[in-house]
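Novice: Following this message is one structure expressed as structure tokens.
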Amino acid sequence: MEDSIQKVTDLIRRSQKVIVFTGAGVSTESGIPDFRSPGGVWQKYNPEDFYYQKFISSEESREKYWQMSREFYEPLKNARPNAAHEAVAELERMGKLDCVITQNIDNLHQRAGSSPQKVIELHGTAVSVSCLSCRKKYTREEIQSWLLRDVKVPRCDACGGILKPDTVSFGQSMPVRETEEAFHRARNCDLFIVIGSSLVVQPAASVPLEAKEAGAKLVIINREPTYHDSYADVVIHGSAGEVMSKVLEYLKTK
Ligand code: NAD
């Protein structure tokens, strides 16, 4: 592992425009479960229940969704950024970072000190909720207080419309601006570092390949093998926080 960390450090030193691409694995050390690991969200809930079309067409689906969301929001709200989020924020302060492209909805990059304008959220954010009819916005915190008062399916207090967190559900279209910007920046970076993603959710999982095909070096840091390991210049199978703190330590000392 030390050799690989040295290689990543050398790549960062040689690069001017680094993109960090994160998935749920960057936040598990903050206490937010990912989807696919043992104990992850999909061992408890069936993803098929959370398709967007079901959500908008069935009160029963919305009730299941909000039950899951009520439970998932608590660890998310209490989570604190970990060493990996902090290392990414430090890369920005060192002037190396082009942007962070994240599949996460937990706001932890921003809370670690990454500038909001440098964080591209491909799958939206869990910190706000919108009415699907009149677009009135709420904080997720306010809606949580309704759920904790035993509201099973919250409705817009302005127009009675369906409320939904500002996250991208299965079957829902990706945000156009963020998706285009992610692919555009990927084509123009010199180093692309994936941290904590199984690289199975599309189209997000294609962004690293776009960078690689355009000539960037590709680094993948993940606990277990991913589908794209064979395309990477350096692969480290380890924990995000531990690996990224070592990378920073090497950058500052070796
Ligand atoms: P995923 O669950 O498919 O994969 C996470 C990967 O991270 C796994 O391969 C796992 O081995 C690895 N991992 C777990 N902990 C790790 C650690 N500490 N260090 C290094 N690797 C670690 O997640 P994904 O690829 O992000 O895609 C699933 C979808 O889940 C995304 O769309 C994302 O929006 C959503 N999601 C987000 C959060 C969050 O915001 N924190 C949490 C769960 C799911």
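The values are calculated or read from the model by the stated rules, or taken from the named source; none is laboratory data. Nothing here was measured: the structure is a model prediction, and the numbers come from that model. Here Cβ is always computed from backbone atoms with ideal geometry, including for glycine, and neighbour counts include all displayed protein chains. Side chains are part of the model used for accessible areas, which takes the heavy atoms of the whole protein and leaves out ligands, DNA and RNA. Shrake-Rupley method; radii C 1.70, N 1.55, O 1.52, S 1.80 Å.
Novice: Is there any pair linking a residue in the stretch 103-126 that is within 12 Å of the ligand (Cβ to nearest atom) to one that is open to solvent by less than 30 Å² (accessible area, probe 1.4 Å) and of a type in the set (D, E, K, R), with Cβ under 9 Å and at least six apart or on different chains, and which?
Specialist: If the second residue must be open to solvent by less than 30 Å² (accessible area, probe 1.4 Å) and of a type in the set (D, E, K, R), the pairs left are THR125/ASP106; THR125/ARG140; ALA126/ASP106; ALA126/ARG140.
One line per residue, one yes/no per condition, for (1) at pLDDT below 95; (2) open to solvent by 50 Å² or more (accessible area, probe 1.4 Å); (3) small (Gly, Ala, Ser); (4) over 14 Å from ALA216 (Cα atoms):
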| position | (1), (2), (3), (4) |
| --- | --- |
| LYS7 | no, yes, no, yes |
| ARG14 | no, yes, no, no |
| GLY23 | no, no, yes, yes |
| ASP34 | yes, no, no, yes |
| SER37 | yes, no, yes, yes |
| GLY40 | yes, no, yes, yes |
| LYS44 | yes, yes, no, yes |
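Novice: Ok, one more. How do the helices (runs of 4 or more DSSP H) wholly within the stretch 50-104 filter down when requiring 1 or more residues that are open to solvent by less than 40 Å² (accessible area, probe 1.4 Å) and among the charged types (D, E, K, R): which remain?
Specialist: In the stretch 50-104, 59-78, 83-93 are the helices (runs of 4 or more DSSP H) which contain 1 or more residues that are open to solvent by less than 40 Å² (accessible area, probe 1.4 Å) and among the charged types (D, E, K, R).
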